Amino acid sequence: MARPSVRTHRRQRRHGRGRAAAATAAGLVALSLALPVSASGAASPAVAAAAPSTAVTVAYNVLAADGAGNVSRAAAAARAAGGRVTATNTAVGLLRVTSDRAGFAARVARSSAVEGVAVERVVGRAPAKRAVAGPGDAVEQEGRVRAAAVSRANVKPRPGPKPTAGSDPLDASLWGLRMTRADLSRSVQAGDARVLVGDIDTGMDARQPDIAPNFEAALSRNFTTDMPDIDGPCEFAGCKDPADWDDDGHGTHTAGTIAAAANGFGLSGVAPGVRLVNLRAGQDSGYFFLQPVVDALTYAADNGIDVVNMSFYVDPWLYNCERNPADSPAAQAEQHTIIKAMNRALKYAYHHEVTLVASAGNQHQDLGAPLPDASSPDYPPGAAYPRPIDNATCVTLPTEGPNVIAVSALGPSETKADYSNYGVEQVTVSAPGGYFRDYLGTPAYRTAENQILSTYPVNSLQSVTDTAGNPTPWVDQAGNITPLGAANGVVKSCPAGVTDFRYCGWYAWLQGTSMASPHVAGVAALVVSQYAKGDTVGDFRMRPKEVARVITATAREHACPDPRTVSYEPVGRPAEFTATCAGTPAFNGFYGHGVVDALAAVSLGRGKVRP
């Protein structure tokens with residue numbers, strides 16, 4: 001679809017971006033209609049919100065209750081209530097159901113086989129005018145120069161010794177590779193082609209010459225359907241983008257950091273020898289709804305994916321709270337459904353040997369003492385309201401889900417980035433994410449090079465808009481970088497003999513915890529490559545617990561700053577950004593167990609792997 005912009009860990013997404021794409025007006029996220037919950041948090045058989053009127057088809061998420069046979073019974077209840085089951089995730093018990101019957105949610109909720117019901121969206125509504133992006137990630141866009149400022153397939157194992165790799169021309173700009181020592185680790189282990197990394201994001205541009213060599217087309221899937229009211233006009237039949245496409249750019253950027261090929265061209269990723277699997281769960285507009293995310297996680301589990309990267313949070317709630325007094329019973333029930341479904345999906349993936357890596361988030365707060373949230377629900381537009389966040393009963397997902405390696409973001413000076421979430425409760429390790437305002441008082445302050453350079457789809461660069469939705473392309477229709485694109489550091493490099501600009505290498509700078517997480521996902525892939533046992537992609541596996549142990553045990557310890565309380569007011573941030581680092585050099589809230597270290601992980605990790 002014609003690309004608005006992504007909002008990731010915003011949103012980091014969805015966990016941070018100095019993104020190339022422009023964020024525009026507030027977009028839609030997910031209609032808030034669900035079952036109220038009881039004091040114990042369980043869904044009650046009633047709905048405290050009006051169902052949509054008749055003659056309007058609505059898509060619902062129906063979560064089956066725990067217990068054998070409840071998925072089929074919940075499906076039967078949905079059909080009996082006037083719904084049509086369009087998708088079933090049996091591993092989690094999540095159904096997607098459409099219905100034009102008023103009162104559908106209340107009727108299906110009466111079934112003891114149903115845990116919760118939530119409205120996903122209205123089906124078939126067309127926008128009155130071209131849709132613009134959702135509330136974009138101001139973090140990822142911070143370094144953006146505005147227009148006004150410019151005049152698992154059956155992969156055959158590689159024979160012989162473990163693969164190694166050299167560097168690529170643009171690697172000199174990748175300070176993240178040097179900080180994590182991924183520029184050195186490739187002389188020991190560059191990644192095994194039997195290792196599959198799934199990137200749950202907005203897609204991957206498989207035309208990109210640094211992505212194409214490692215792109216695993218046979219396993220890649222798109223779990224979303226474009227929604228014209230938030231994503232813009234559909235470009236492909238059935239509003240279903242192919243699995244080798246990315247209109248937003250965020251997914252291609254994170255994928256490049258993980259495993260761009262070391263092919264003597266462009267740039268290379270942390271693990272340039274592993275395979276990339278596109279597990280698209282993000283809309284073109286950057287929203288990540290529950291059903292696609294759950295489907296991506298269980299698909300990864302069922303298809304032998306070794307590592308997944310998750311640089312987002314699940315919409316429409318930044319924090320899902322079971323019993324927040326500021327929320328209506330319907331809103332409480334919706335959040336209960338999301339928590340329950342996500343926890344099931346994350347546990348399912350983990351127990352199928354999928355290592356889970358997620359960005360910590362860009363809300364500049366201690367995840368153990370969260371600030372009030374005024375951004376949720378971010379769908380429908382205008383629905384957000386201020387509410388307190390109780391750390392004991394509220395979580396941001398997937399970051400605070402079970403068995404997830406959560407990653408905070410650093411700038412090139414190894415300072416915690418101003419936007420990055422932190423805290424001893426959730427941060428596992430830290431990694432390069434970019435910090436536009438790093439190096440205060442030097443010529444490097446507020447420069448693009450303080451961010452993360454990675455692969456980017458040219459169609460996204462051609463579709464950049466300003467905040468009013470007006471075109472401000474960074475690449476013109478002939479494939480030339482515009483003055484605005486040049487000001488934002490867009491890089492173009494075409495392989496020898498390539499004359500079609502669509503198949504050239506395109507690169508852009510972004511920042512955010514969304515950019516930090518892929519560094520750790522890449523190191524996780526190297527760990528699996530180095531220590532897993534087996535011959536084929538089917539049995540060449542490693543337990544996530546062991547992967548996490550190697551990553552944390554070999555991370556480079558980094559003490560809290562002195563003084564421990566850091567004010568970001570000198571770089572122009574309000575007092576709300578002030579952060580205090582708690583903990584020891586071995587483990588603290590800014591750096592977790594330390595800065596992820598690829599060379600140490602592949603050289604010194606064997607003693608951390610238990611037989």
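The values are calculated or read from the model by the stated rules, or taken from the named source; none is laboratory data. Remember, it's a predicted structure, so these values are computed and weren't measured experimentally. Cβ placement follows ideal geometry from the backbone for every residue including glycine, while neighbour counts extend to all protein chains displayed. Accessible surface is based on the protein model in full, side chains and every heavy atom, while ligands, DNA and RNA are left aside. Shrake-Rupley method; radii C 1.70, N 1.55, O 1.52, S 1.80 Å.
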Within the stretch 80-109, how many residues are surrounded by 14 or more Cβ atoms within 10 Å (Cβ to Cβ) and either over 20 Å from residue 299 (Cα atoms) or small (Gly, Ala, Ser) (or both)? 18
Going by what's in this entry, would residue 521 be described as among the small types (Gly, Ala, Ser) and surrounded by fewer than 24 Cβ atoms within 10 Å (Cβ to Cβ)? no
Quick one: residue 405 ticks every box in (1) out of contact with any Lys or Arg (no Cβ under 9 Å at 6 or more places or on another chain); (2) assigned to a loop (DSSP other than H, G, I, E, B) bar one, so which box is it? (2)
Checked the stretch 445-480 for anything open to solvent by 30 Å² or more (accessible area, probe 1.4 Å) and either over 29 Å from residue 244 (Cβ atoms) or acidic (Asp, Glu) (or both); matches are 445, 446, 447, 449, 466, 467, 468, 470, 476
Given the criteria touching a helix residue (DSSP H, G or I) at 6+ places or on another chain (Cβ under 6 Å) and at pLDDT 95 or above, does residue 111 qualify? yes
Grab the helices (runs of 4 or more DSSP H) fully contained in the stretch 174-243, keeping just those with 1 or more residues being surrounded by fewer than 24 Cβ atoms within 10 Å (Cβ to Cβ) and among the aromatic types (Phe, Trp, Tyr). 175-179
Looking for something over 14 Å from the mean Cα position of the chain (by Cα) and closer than 15 Å to residue 454 by Cβ - is there at least one such residue anywhere in the stretch 247-254? no
Could you identify the single residue in 249, 232, 256 that is at pLDDT 95 or above and at positive phi? 249
So, of the residues in the stretch 447-481 that are modelled with pLDDT of 95 or more and aliphatic (A, V, I, L, M), which turns out to be farthest from residue 171 (Cα to Cα)? 478
Can you go through 207, 221, 186 and tell me which one is farther than 21 Å from residue 456 by Cα, modelled with pLDDT of 95 or more, in contact with a helix residue (DSSP H, G or I) (Cβ under 9 Å, 6 or more places away or on another chain) and of a type in the set (Lys, Arg)? 186
Are any residues in the stretch 70-99 outside any strand (DSSP E or B) and either hydrophobic (A, V, I, L, M, F, W, C) or at pLDDT below 95 (or both), and if so, which ones? 71, 74, 75, 76, 77, 78, 80, 81, 91, 92
Qualifying residue in the stretch 377-388 (condition: farther than 20 Å from residue 579 by Cβ, open to solvent by 50 Å² or more (accessible area, probe 1.4 Å) and touching a strand residue (DSSP E or B) at 6+ places or on another chain (Cβ under 7 Å)): no
What about residue 377, is it closer than 26 Å to residue 119 by Cα and under 22 Å from the mean Cα position of the chain (by Cα)? yes
Among the residues listed as 285, 311, 268, the single one being within 30 Å of residue 178 (Cβ to Cβ), out of contact with any strand residue (DSSP E or B) (no Cβ under 6 Å at 6 or more places or on another chain) and crowded, with 24+ Cβ neighbours inside 10 Å: 268
From the option list 46, 51, single residue qualifying as at pLDDT below 95 and either open to solvent by 40 Å² or more (accessible area, probe 1.4 Å) or among the basic types (Lys, Arg) (or both) is 46
Any pair with Cβ under 9 angstrom, 6 or more apart, that starts in the stretch 473-502 at a residue that is within 18 Å of residue 263 (Cβ to Cβ) and among the basic types (Lys, Arg) and ends at one that is assigned to a strand (DSSP E or B) and modelled with pLDDT of 95 or more: 492/475; 492/481; 492/505; 492/506; 492/507
Any residue at all in the stretch 567-586 that's of a type in the set (Lys, Arg) and modelled with pLDDT under 95? no
Restricting attention to the stretch 423-444, which residues are open to solvent by 20 Å² or more (accessible area, probe 1.4 Å) and touching a Lys or Arg at 6+ places or on another chain (Cβ under 7 Å)? 437
Scan the stretch 308-316 and give yes if some residue there is farther than 14 Å from residue 208 by Cα and either acidic (Asp, Glu) or in contact with a Cys (Cβ under 7 Å, 6 or more places away or on another chain) (or both), otherwise no. yes
Residue by residue through the stretch 318-362, note down the ones that are modelled with pLDDT of 95 or more, open to solvent by 30 Å² or more (accessible area, probe 1.4 Å), assigned to a loop (DSSP other than H, G, I, E, B) and not charged (D, E, K, R). 325, 326, 351, 352
Take the stretch 568-601 and flag every residue that is under 20 Å from residue 403 (Cα atoms), β-branched (Val, Ile, Thr) and open to solvent by 20 Å² or more (accessible area, probe 1.4 Å). none
Can you say whether residue 565 is out of contact with any His (no Cβ under 6 Å at 6 or more places or on another chain), closer than 20 Å to residue 411 by Cβ and open to solvent by 10 Å² or more (accessible area, probe 1.4 Å), as far as the supplied structure shows? yes
Restricting the search to the stretch 199-223, which residues are closer than 27 Å to residue 313 by Cβ, touching a Ser or Thr at 6+ places or on another chain (Cβ under 9 Å) and not aliphatic (A, V, I, L, M)? 199, 201, 202, 203, 205, 208
